[in-house]
1. Please enumerate the residues belonging to the range 3-23 that are among the hydrophobic types (A, V, I, L, M, F, W, C), within 14 Å of the ligand (Cβ to nearest atom) and either farther than 17 Å from residue 54 by Cα or open to solvent by 30 Å² or more (accessible area, probe 1.4 Å) (or both).
2. Can you spot a residue in the range 83-106 that is of a type in the set (S, T, N, Q), open to solvent by 60 Å² or more (accessible area, probe 1.4 Å) and within 13 Å of the ligand (Cβ to nearest atom)?
3. Going residue by residue through the range 61-68, is there one that turns out to be on the phi > 0 side of the Ramachandran plot, away from the ligand (no atom under 15 Å from the Cβ) and open to solvent by 50 Å² or more (accessible area, probe 1.4 Å)?
4. Just one of (1) open to solvent by 50 Å² or more (accessible area, probe 1.4 Å); (2) more than 14 Å from the ligand (Cβ to nearest atom); (3) at pLDDT 95 or above trips up residue 55, so point out which.
5. Taking the condition without any contact (Cβ under 8 Å) to a residue 40 or more places away in the chain and more than 27 Å from residue 26 (Cβ to Cβ), does residue 59 pass?
6. Residues of the range 62-76 being under 18 Å from residue 122 (Cα atoms) and touching a strand residue (DSSP E or B) at 6+ places or on another chain (Cβ under 7 Å), which ones?
7. Condition first: within 16 Å of the ligand (Cβ to nearest atom) and open to solvent by 10 Å² or more (accessible area, probe 1.4 Å). Now tell me which residues in the range 69-82 satisfy that.
8. Being assigned to a helix (DSSP H, G or I), out of contact with any helix residue (DSSP H, G or I) (no Cβ under 9 Å at 6 or more places or on another chain) and within 16 Å of the ligand (Cβ to nearest atom) is the filter here, so list the residues in the range 24-52 that pass it.
Amino acid sequence: MKKILIINGPNINMLGIREPAVYGRQTYEDLCEICEKACAERNCVCECFQSNHEGAIVDRIQAAYSDGTQGIVINPAAYTHTSVAILDALKAVGLPAVEVHISDVRSREDFRQVSYARLACFKTIMGQGLHGYELAIEALCSLKPE
Ligand code: DQA
C-alpha cells in the first residue's frame, strides 16, 4: 500500500477561524478527514502532519526518506514564500511531491508570487479549497511505482 504524507505549514491548524473569506469555514480536522478518505478510496495509507515551525517541517520531510512514505502533499503555507530549507529538504529526500494552496495565490499579494517549494514539486494545485488536497492525492496515487 502506498503511503502518502500530507504536510501543512503554519496557521493551517487555524482553518475555519482564520480569514474564512479566503480559506473557507472547514477546519483542519475536516482537511485531515478529506485526505484520509481520498487516500482510503485509492487504497493508500494517509498521514497528516501540521506544524507552525519551519525546522519541524524539515525534520518531518527528512524522516519521510526512511519511513516508507512514497509521496508528499505539501502546503508550506507562509513558508512557501520564504523557505529554502523546506525546498532543500524536499530535494534531499527526492520523493514525488505536489504543492497545494487552498487559496489562489496567483491573484493575491506580490510577496505570495514566489514559491520555493514549487521547485521540488511535479505539480501545483491552488485556488480549489480543500478539494485541492484530493486532487494532489489523486496525482500521487496514480503515479506508477518506480
Ligand atoms: C496558503 C497561501 C499562503 O500564501 C499563506 O501564507 C497560507 C496559506 C494557501 O493555502 O492558500 O498560510 O498556502
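The values are calculated or read from the model by the stated rules, or taken from the named source; none is laboratory data. Computed from a prediction, not measured in an experiment: that's the story for all the values here. Neighbour counts run over all protein chains shown; Cβ positions are idealised from the backbone, glycine included. Ligands, DNA and RNA are excluded from the accessible area calculation, which covers all protein heavy atoms including side chains. Shrake-Rupley method; radii C 1.70, N 1.55, O 1.52, S 1.80 Å.
1. Pass one, the range 3-23, residues among the hydrophobic types (A, V, I, L, M, F, W, C): 4-7, 12, 14-15, 17, 21-22.
Keeping just the survivors that are within 14 Å of the ligand (Cβ to nearest atom) gives 6-7, 12, 14-15, 17, 21-22.
Correct list: 14, 15, 17, 21, 22.
2. Going through the range 83-106, the residues of a type in the set (S, T, N, Q) turn out to be 83, 103.
Going one step further and asking which of them are open to solvent by 60 Å² or more (accessible area, probe 1.4 Å), we end up with none.
No, every residue in the range 83-106 fails to be of a type in the set (S, T, N, Q), open to solvent by 60 Å² or more (accessible area, probe 1.4 Å) and within 13 Å of the ligand (Cβ to nearest atom).
3. Within the range 61-68, the first condition is being on the phi > 0 side of the Ramachandran plot, and the residues that meet it are 68.
Filter once more, so that each one left must be away from the ligand (no atom under 15 Å from the Cβ): 68.
So of that shortlist, the ones also open to solvent by 50 Å² or more (accessible area, probe 1.4 Å) come out as none.
So far as the range 61-68 goes, no, none of its residues is on the phi > 0 side of the Ramachandran plot, away from the ligand (no atom under 15 Å from the Cβ) and open to solvent by 50 Å² or more (accessible area, probe 1.4 Å).
4. It fails just one condition, (1).
5. Values: without any contact (Cβ under 8 Å) to a residue 40 or more places away in the chain: yes; more than 27 Å from residue 26 (Cβ to Cβ): yes.
Yes.
6. Restricting attention to the range 62-76, the residues satisfying the condition of being under 18 Å from residue 122 (Cα atoms) are 64-65, 69-76.
Matches in the range 62-76: 64, 69, 70, 71, 72, 73, 74, 75.
7. Taking the range 69-82 and keeping what is within 16 Å of the ligand (Cβ to nearest atom), we get 72-82.
Across the range 69-82, the qualifying residues are 77, 78, 79, 81, 82.
8. Result: 30, 32.
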